[in-house]
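Take a look at the structure below.
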Amino acid sequence: MRASRSLLWKLSIIVLLAVFSQPSFSGDTGSSDETETGIGHEAADMQPQRAGNRKHRGGGGAMAQFPEMNWPGKWELFMKSSGVSAMHAILLPLINKVQFYDATIWRISQIKLPPGVPCHVFDHVHNKVDCWAHSVLIDIENGHTRPLALTTDTWCSSGGLTINGTLVSTGGFQGGANTARYLASCENCNWVEYPKALAAQRWYSTQATLPDGTFIVVGGRQALNYEYILREGVDNKQLFDSHLLKETTDREENNLYPFVWLNTDGNLFMFANNRSILLDPKTNKVIKEFPQLPGGARNYPGSASSALLPIRLYVKNPPVIPADVLICGGSKQDGYFRADRLKLYDPALNDCARISINSKRAAWKIEKMPMPRVMSDAVVLPNGEVLIVNGAKLGTSGWGLAKEPNFTPLLYTPNKKIGKRFKELAASGIPRMYHSIALALPDGKVLIGGSNTNDGYRYDVEFPTELRIEKFSPPYLDPALANMRPKIVHTDTPKQIKYGQMFNVKIELKQANVAKENVMVTMLAPPFTTHAVSMNMRLLLLGIADVKKEQGDFHQIQAVAPPSGNVAPPGYYLLYAVFNGVPSVGEWIQIV
C-alpha cells in the first residue's frame, strides 16, 4: 500500500513538473490576484539563469550552469549610407531584405532611381519631375541596395504583412493619405499603388493585423475613426467613429500613432494618449475600458514606445491566454507646446508601465527606467527579452523638438521581479532622434537606422539627416556563449504549419543537458516600425511536448503550433530555438 502511494506521489510530481516546465512572460489568466509585478502568477522562470545552480521554480532540479550574461553587447557599422532615410522599415520574409522608405514630398534623397525606371512627374503643369528614390530594398547580409519607385507620398504612414508576406503600406501625406500600396516579397517586385483605397486620410495612423490576416487602420491626423482594408484593388467606403480618439485629442494631439495590439482573445487593445480600451473588431463595440495611465502623454508627439510582451503557450492552453502590454517613456502632457512654442525641452518620462489586459482587475504596474526616454524603439528579441533603444532624454517628437540623445540601450527582462528588470548595455555613438527605427534580424542582431529631425535632407544642423545603418548584438551573442547557440536543421524543420499542429524542430547543439526545462521554441512576427511604433510585433513561446536526443549532437524538439489566429494571425514568422536564453538563427515558417 505504501509503495503504491509512493508511486502515485512520484507520478503526481512528474505531471506537475511537465505542466510548469516552460517560461512565463505574460500575466494571469484572469482569476489570480495581482502581484507587485502586475501579473497574477509566475510559472517557471526559464530566462537565462544567472550563474549558479539555481533551482527551477517548478521544482525540477538544478539548472545547467552557463556563463552569466554580463556582456554589454556590441555595435557595428553595417552601412555608411542607406541612400534613403530610414523613416519606415520592415523585414520582408524569405528574401531577408529590409524595406526602408521616407517621404516623397522632399523630392530628394541620396540615391537615384535606376536606369529604365521613369522619373515621377509630381507637377504636370510645370512638368517637374523627381528622379530620386524614396524607397530602397536592402539585403541584410551584404547591404546590396535596390532603389524602388514610389509615386504617392508615404510620409508618416503605416504598414504590415499579408499572409503571403506582401507589405501593405497605408496612408501618408496629401495625395498619399488615402493610398494602399503593395510590395510583394520577391527579388524583383515593385510597388503597386491604389490612391483611393482608404475611406479617410491616414497620416500618423496605425495598422494592425486581425485574426484572419486582414488589417484595420486606426486614427491619423484629423481622422478620429478607423476602417478595415478590403482586398487589393477594392476601395473601402466605410468608416467607424472612435470615441477613444475623440476623447483623447488635446491641444498637442498626443493620440497619433496609437498603440494597437491584437489580444489573445481576438479583440484589439487600443491605447491613445493616456487611455485604453478593448475593441471587438467583429461588432465594433468597446467591451472593456482600462484604467488611465498617469504621468503624461504616450502617443505622438508624446511618443513613448510599446510592446506586446511574449505570449506563453503550452501543449494544452488555458481558456484565457494571458497577454501583457508594456509602455515605456513619453513626455509631459504639454511637452510639445513647450518645446515648439517656448523652446523649453522638458525631461522625458522615465517610467515603464505594464498591464495584464486579460486580468479581471487589470491595473497598470509602474516602475522606473534608469533614464528618461522619448521616441525610443522597443524591440522584442527572440529569447523573450525586450531591447529599448534610440530616442532622447529631453523634449518630444517633431522637427528639432528634442535634445540630449539617449545613446544607451536598455535590456528589459519581463519575468524578473519589479525593480530588477532593466539592464544598461553598451552605448552607440550615433544619435538616433526623430524618425529612427530598430528591427530584430534572423541572426539575433538588431538593425538600427534613421534619425532625421529636419524637413528634408540636411547636414548643416545640430542633428543632421542620418543615413548610417548599424547592427547591435545583444548580450546573448557574447562570443563566450557561441557553443550554447543551437542550430536549426533547415532540411528537417517544416516551412508551413497549421493551428494546433504538433511539429518537430531539429537542432544541432553540443551540450549535455538539452531538455525541456532549458529549451524554448519561439516565433517572432516581423513588425513594421516607424515613429517609435512597432506595428504587429509579436513573439510566441510555443508549448513543448518533448525533447529527444538523437545521434551525435542532434536533438528533436516536439513543439505545438499556436492554437488560433487570435493568438497568432496567419502569415510568416521567424522560428527560433533557444537554449538557456541563447537563440539560434531564425528560420522562416508560415502559419496557414
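The values are calculated or read from the model by the stated rules, or taken from the named source; none is laboratory data. Please read all numbers here as calculations on a predicted model, not as lab measurements. Cβ: placed from backbone, ideal geometry, glycine included. Neighbour counts: every protein chain shown. These area figures cover heavy atoms from the full protein model, side chains too; ligands, DNA and RNA do not enter into them. Shrake-Rupley method; radii C 1.70, N 1.55, O 1.52, S 1.80 Å.
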- For GLY450, the net charge from surrounding residues (Cβ-Cβ under 11 Å; K, R +1; D, E -1) works out to -2
- Computed Rg/Rh of segment 413-570, alpha carbon atoms with Kirkwood Rh: 1.05
- Item | Exposure of LEU256 as accessible area (Å², to 10), given a probe of 1.4 Å and all protein chains | 0 Å²
- Message: Quick check: net charge around ALA297, other residues with Cβ under 13 Å of its Cβ, Lys/Arg +1 and Asp/Glu -1?
- Response: -1
- Item | Rg [Å, one decimal], Dmax [Å, integer] - segment 492-550, C-alpha atoms | 15.0, 47
- Spacing of the two label points (7 Å from each Cα toward its C-beta) at LEU239 and ARG458, in nm: 3.3 nm
- Item | Separation in nanometres of the label points that stand 7 Å from Cα toward Cβ, at ASN190 and GLU508 | 4.2 nm
- Task: Under 9 Å from the Cβ of GLU252, count the other residues' Cβ atoms, weight Lys and Arg +1, Asp and Glu -1, and hand me the total.
- Result: -3
- Item | LYS416 paired with GLU232, simple spin-label distance in nm, labels 7 Å along Cα-to-beta-carbon | 4.5 nm
- On the accessible surface of segment 91-215, probed at 1.4 Å with all protein chains in place, carbon and sulfur together account for a percent value of 56 percent
- Shape call for segment 208-297, from the Cα gyration tensor axes a ≥ b ≥ c (a/c under 1.5 means rounded, otherwise prolate when a/b beats b/c, else oblate), comes out oblate
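If one computes P(r) from the Cα atoms of segment 91-210, what percent of pairs lie at distances over 18 Å?
Pairs farther apart than 18 Å: 52 percent.
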- Query: Along segment 129-134, what does the Karplus equation 6.51 cos²θ - 1.76 cosθ + 1.60 (θ = phi - 60°) give for ³J(HN,Hα), rounded to whole Hz, x for Gly and Pro?
  - Reply: 10, 10, 9, 8, 7, 10
- So the compactness index of the chain, its C-alpha Rg divided by 2.2 N^0.38 Å, takes the value 0.94
- Using the Cα gyration tensor of segment 126-183, with a ≥ b ≥ c the square roots of its eigenvalues, what is the shape: rounded (a/c below 1.5), prolate (a/b larger than b/c) or oblate (neither)? oblate
- Could you tally up the Lys pairs in segment 484-591 with alpha carbons closer than 12 Å? Skip any pair fewer than 8 positions apart unless they're on separate chains. 7
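Could you tell me whether segment 484-591 comes out rounded, prolate or oblate from its Cα gyration tensor? Rule is a ≥ b ≥ c as square roots of the eigenvalues, rounded for a/c under 1.5, then prolate if a/b exceeds b/c, otherwise oblate.
Details: a/c = 2.13, a/b = 1.60, b/c = 1.33.
Cα axes put segment 484-591 in the prolate bin.
How long is the gain from LYS112 to SER81 if the chain were fully straight, where each residue apart is worth 0.36 nm and the alpha carbon distance is subtracted?
9.8 nm
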- Message: Using a Förster radius of 51 Å, what is the FRET efficiency between ASN284 and HIS126 based on their Cβ-Cβ separation? Nearest 0.05, please.
- Response: 0.65
- Please determine, in degrees from 0 to 90 and to the nearest 10, the orientation of helix 2-19 with respect to the longest principal axis defined by the Cα atoms of the chain, where the helix direction is its Cα long axis. 10 degrees
- Task: Pop out the ³J(HN,Hα) list for segment 192-202 in order, Karplus 6.51 cos²θ - 1.76 cosθ + 1.60 with θ = phi - 60°, rounded to Hz; leave Gly and Pro as x.
- Result: 10, 10, 10, x, 10, 5, 9, 6, 10, 6, 10
- Item | For segment 484-591, accessible area per residue (1.4 Å probe, heavy atoms of protein chains only), Å² | 31 Å²
